[in-house]
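Step one of this worksheet: look at the structure below.
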């Protein structure tokens, strides 16, 4: 009978607080991850939005190609003009 | 009769303790499950955002490489034309007049241009090669002096 009482006291005074403490730590760790994940998701969304202009690089590529073609034409013409002037 | 009551009391206390422990387990584990579900939802959003980033940035490397190749070709052509028409010394002097200190870097396709001593120039007046007004450089100097 006495051992049984001791067992009850151990359950209530030691086991229960230890279980609550450990589970509380696990819960705190899990809940602390949530805001971090939400912040990362927001940053990823903003980063994705910032890259919307990347599609315009195709236009930039075309513009650069046309510009260099124009420069090449001007260079060829200048070559002839300077030859004539010389 | 008394021992029976004592045994019953001990048993009730034990049952209460076990119930409390189980209740604590249920409460905290359910809370952890809810937190993990929130994390899963957040990670789904992260994966979607990162996938968009990867998708949008995929063609950037090739496009920028192509643009750089085009610009390199343009620079090569212009440098070659300048050196051909003005001569190495005047070309270096003209570039130095336009961009002070650029002569030290020389032309990319003419490594020997770094060894050329640029004619004495003033960066704002193009006094060096343009002051001599050779027939070849006069047109270039006139165009350069009219730059914005």
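FYI, it's all coordinate maths here, none of it is from the lab. Note that the structure is predicted; figures quoted are calculated from it, not measured. Methodologically, a virtual Cβ is constructed for each residue, glycine included, from the backbone with ideal geometry; neighbour enumeration extends over all protein chains shown.
Just a few scattered comments:
- Within 10 Å of the Cβ of each residue in B:82-93, the mean number of Cβ atoms contributed by other protein chains is 1.
- A P(r) calculated from all alpha carbon pairs of the protein assembly as shown, with 10 Å bins opening at zero, reads 7, 17, 14, 10, 10, 9, 8, 7, 6, 5, 4, 2, 1, 0 percent.
- The stretch B:1-44-the stretch A:1-34 distance, computed between alpha-carbon centres (Å): 9 Å
- With all projection directions averaged, the alpha carbon convex hull of the stretch B:1-58 covers 4.1 nm².
- Size descriptors for chain A, from the alpha-carbon set: Rg then Dmax equal 37.1, 122 Å.
- Computed per residue of chain A from DSSP H runs no shorter than four, each worth -39500 (n - 2.57), the mean residue ellipticity at 222 nm is -30000 deg cm²/dmol.
- Alpha-carbon Rg with Dmax, taken over the stretch B:1-106, Å: 39.5, 124
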